[in-house]
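Take a look at the structure set out below.
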Amino acid sequence: MASENRLEGACITREQFLMREVRTVARLRQEGLSDDEVVERVASENLIQYPTDRMVRNIASVCVKRLNALGSPALERIIASGEPEAAAQANLYAMMRTYPLVRHFMETVVAEHYRDLDHSLGKMEMNGWVTRVQEDYDNIARLSDATMGKVKQVLRNGLVQCGMLRSARSSELVPIALDLDVEDGIRELGDMDALAAFNVRWS
């Protein structure tokens, strides 16, 4: 393997799905606050209810970074005030744009299963994906089994939050209907490859 062959995003083990937190930050941004003002407001009022100021600021900054990576005012509004399912879908897409590891999983596993009408997504499929990324990317190969276990947990939780899995222990990939406004937002970004990860077929 080439030493520069990397796939970033294992930090999701710390940063998680953060639906409640990212909605809080998105709502403040809708008020016109700057990124620094958002972090300060979240910290000064402990709006996300974390035990220390350092944790609050860290997570608020993570949410700001995720929304900036999303790069879509329309999708950000959905996260801020849309229906819970649509907001969760937009947040998962924001994670795809923030963490290459998440995008890799969604496009090479979830999208392919939807495309093949294969609704099996259990331990065997997850472990197969882990093996592939460990073979292909140096930094992933160096991660411990425990860390990769947490990565899989975060990814599966994201699918549960979006209704793609019925529970964290489910091995059935549910053929969801992507919210039309979320779909429009993704199309406006020209990110057509991402749509297949949400069970949208396009030609």
Enumeration of residues in the stretch 153-172 that are under 16 Å from the mean Cα position of the chain (by Cα) and either assigned to a loop (DSSP other than H, G, I, E, B) or over 19 Å from L18 (Cβ atoms) (or both):
C162, G163, M164, A168
Would you confirm, using the coordinates I've provided, whether M148 is modelled with pLDDT of 95 or more and in contact with a Leu (Cβ under 9 Å, 6 or more places away or on another chain)?
no
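Here is a list: A141, A146. Which entry is surrounded by fewer than 20 Cβ atoms within 10 Å (Cβ to Cβ), of a type in the set (A, V, I, L, M, F, W, C) and under 16 Å from I12 (Cβ atoms)? Write out each step before concluding.
Numbers: A141 fails: under 16 Å from I12 (Cβ atoms).
A146 is the lone residue from the list that is surrounded by fewer than 20 Cβ atoms within 10 Å (Cβ to Cβ), of a type in the set (A, V, I, L, M, F, W, C) and under 16 Å from I12 (Cβ atoms).
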Counting only residues in the stretch 106-149 that are in contact with a Ser or Thr (Cβ under 9 Å, 6 or more places away or on another chain) and among the acidic types (D, E), the one nearest to I176 (Cα to Cα) is identified as E125
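Can you tell me which residue among N127, N139, N91 is assigned to a helix (DSSP H, G or I) and under 15 Å from the mean Cα position of the chain (by Cα)?
Details: N127 fails: under 15 Å from the mean Cα position of the chain (by Cα); N139 fails: under 15 Å from the mean Cα position of the chain (by Cα).
Criteria check complete, one pass: N91.
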Could you list, in sequence order, all residues of the stretch 155-169 that are surrounded by fewer than 20 Cβ atoms within 10 Å (Cβ to Cβ), over 22 Å from G82 (Cβ atoms) and of a type outside the set (D, E, K, R)?
S167, A168
Is it true that some residue in the stretch 173-187 is touching a Cys at 6+ places or on another chain (Cβ under 8 Å), outside any helix (DSSP H, G or I) and either touching a residue at least 12 places away in the same chain (Cβ under 8 Å) or under 18 Å from H113 (Cα atoms) (or both)?
yes
Those residues of the stretch 73-97 which are in contact with a Lys or Arg (Cβ under 8 Å, 6 or more places away or on another chain) and farther than 23 Å from L173 by Cβ, in sequence order
E76, I79, A80, S81
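Looking at the stretch 26-83, which of the residues that are assigned to a helix (DSSP H, G or I) and touching a residue at least 60 places away in the same chain (Cβ under 8 Å) is surrounded by the fewest Cβ atoms within 10 Å (Cβ to Cβ)?
Narrowing the stretch 26-83 to residues assigned to a helix (DSSP H, G or I): 26-30, 35-45, 53-70, 73-81.
So of that shortlist, the ones also touching a residue at least 60 places away in the same chain (Cβ under 8 Å) come out as 74-75, 78.
Details: A74: 16, L75: 28, I78: 25.
This residue is A74.
The values are calculated or read from the model by the stated rules, or taken from the named source; none is laboratory data. Model, not experiment: these values are computed from the prediction. Positions of Cβ are backbone-derived with ideal geometry, glycine not excepted, and every protein chain shown enters the neighbour counts.
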